[in-house]
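Following: one structure in structure tokens, then a few remarks.
The values are calculated or read from the model by the stated rules, or taken from the named source; none is laboratory data. All values reported here derive from a predicted model rather than from experimental measurement. With ideal geometry, Cβ positions are generated from the backbone for all residues, glycine too; neighbour counts draw on all protein chains shown. For the accessible areas, the whole protein counts, side chains as well, though only heavy atoms, and no ligand, DNA or RNA atoms are used. Shrake-Rupley method; radii C 1.70, N 1.55, O 1.52, S 1.80 Å.
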Amino acid sequence: MRVPSLSPTQATPAAVQVPLLDLPAQYASIRDAVMPAVLAVIERQQFIMGPEVAELESAIATLSRVSHAIGCASGTDALLLPLMALDLQPGDEVITPAFTFFATAGTVHNTGGTPVFVDIERASFNLAPDAVEAAITPRTRAIIAVHLYGQMAAMERLLALGAKHGIPVIEDAAQSIGARRQMEGAWRLAGETGWVGTLSFFPTKNLGAWGDGGMILTQDATLAERLRRLRTHGGAKQYHHDEVGTNSRLDTLQAALLLAKLPFLAGWSAARRRNAEGYSARFRGHSAVVPPAVDPANEHIFHQYTIRAPRRDELREHLKAHGIGSAVYYPLPLHLQPCFAHLGYRRGSLPETEAAMGEVLSLPVYPELTEAQQERVIQTISAFYG
Ligand SMILES: Cc1ncc(COP(=O)(O)O)c(C=O)c1O
């Protein structure tokens, strides 16, 4: 069935370019609000652990409803530091999806553990709890649930598994700041219910810095204290080191910028949801394009709007030829990466992950996307499938 009103003759002029993400447009809309905050740090010349870092930690803790938030140098380090705190021993296993950004498993390897890759659910692209349960062994030390593309994984089931086996659940919420899920009748935020939650402020994220940045969320005061030590070379007191940590502080400049951007975040996520609904209303019932499914328990923040599309790579080329940006997250899942070949996974090991790898395409969904731009994306896709 063809979606109505998508004939190529109605196409908007070819001059309308549609990038995958338009950070200059975002900057133009917030310049007056954020520049004074950034300039204040420069005037003060306190670039390391200035007051904005603690202010941001407190603001994000409130947003994510956790007792402690610890700023760090990146979303990668937000995973690395809690994994360091687990003191993994050779042979210790950490269950993760393979359909995620490399950091989710790279940090397990770098802290001495072995990633154990499990498959995803077809509808949500998130960890399949049944597959997690089947993968638990006496060596399992943690489960990392990635809240992919902006919607939370089935945390209630993963937490129940973790509780049953005494295994902590790490929420990789790099793509899902402020996303929430109905659990036992109440809204719970990404990062609120796990042992820790981790955030990335990479510039393209929904709350993006002007460089790298990350944050760890936890309800556990003792763990928070240890993480604060680990991010400053393992010492609570300068030049005294209780254990070996690393240098992973969040820059004051980035913290000041993020604090100034934070009041915009809810509006941006709502605009992303509106844009997503704009696409899905047109793609529902389309013979070729499968719009993303939102789990009814979830409020999605649409970090990515990701369709499944036949002849995906050709479609991507077609969009590019018409000035439209798109991206494949992720073209080669982690169980098939050369660096993990020694773990013994093969093509066919994770069928849903591998199906997704060949079909997914993320479309422009950023808050500043105009109706004309979105119309152009929809019509260009429709013209491709004819
Ligand atoms: C799911 C996921 N985990 C971890 C990270 C790592 O974050 P960063 O790039 O800030 O190190 C990212 C970001 O790219 C991500 O998307």
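When G178, G194 are screened for being within 17 Å of the chain's Cα centre (by Cα), more than 10 Å from the ligand (Cβ to nearest atom), crowded, with 24+ Cβ neighbours inside 10 Å and not charged (D, E, K, R), only G194 passes.
Inside the stretch 94-116, residues that are out of contact with any strand residue (DSSP E or B) (no Cβ under 6 Å at 6 or more places or on another chain), closer than 19 Å to T198 by Cα and either among the small types (G, A, S) or open to solvent by less than 10 Å² (accessible area, probe 1.4 Å) (or both) make up a count of 3. Give the stretch 118-156 a look and list any residue that's assigned to a loop (DSSP other than H, G, I, E, B), more than 16 Å from the ligand (Cβ to nearest atom) and over 11 Å from E352 (Cβ atoms), or say none. Selection gives I136, T137, P138, R139, A154.
If you go through the stretch 207-230 one residue at a time, how many are part of a loop (DSSP other than H, G, I, E, B) and open to solvent by 10 Å² or more (accessible area, probe 1.4 Å)?
Of the stretch 207-230, the ones part of a loop (DSSP other than H, G, I, E, B) are 207-213, 219-220.
So of that shortlist, the ones also open to solvent by 10 Å² or more (accessible area, probe 1.4 Å) come out as 210-212, 219-220.
Residues flagged as part of a loop (DSSP other than H, G, I, E, B) and open to solvent by 10 Å² or more (accessible area, probe 1.4 Å) within the stretch 207-230 amount to 5.
Among the numbered conditions (1) farther than 22 Å from L199 by Cα; (2) open to solvent by 10 Å² or more (accessible area, probe 1.4 Å), the only one that L80 does not meet is (1).
From the residues in the stretch 157-172 that are touching a residue at least 60 places away in the same chain (Cβ under 8 Å) and under 28 Å from L259 (Cβ atoms), which one is farthest from the ligand (Cβ to nearest atom)? Per the criteria, the residue is I170. Cβ separations smaller than 8 Å between residues 6+ apart or across chains give the following pairs from the stretch 306-329 residues that are in contact (Cβ under 8 Å) with a residue 24 or more places away in the chain to residues that are in a helix (DSSP H, G or I) and among the acidic types (D, E): R308/E359; A309/E359; P310/E359; R312/E359. Looking across the stretch 231-251, the residues that are within 16 Å of the ligand (Cβ to nearest atom) and in a loop (DSSP other than H, G, I, E, B) come down to R231, T246, S248, R249, L250.
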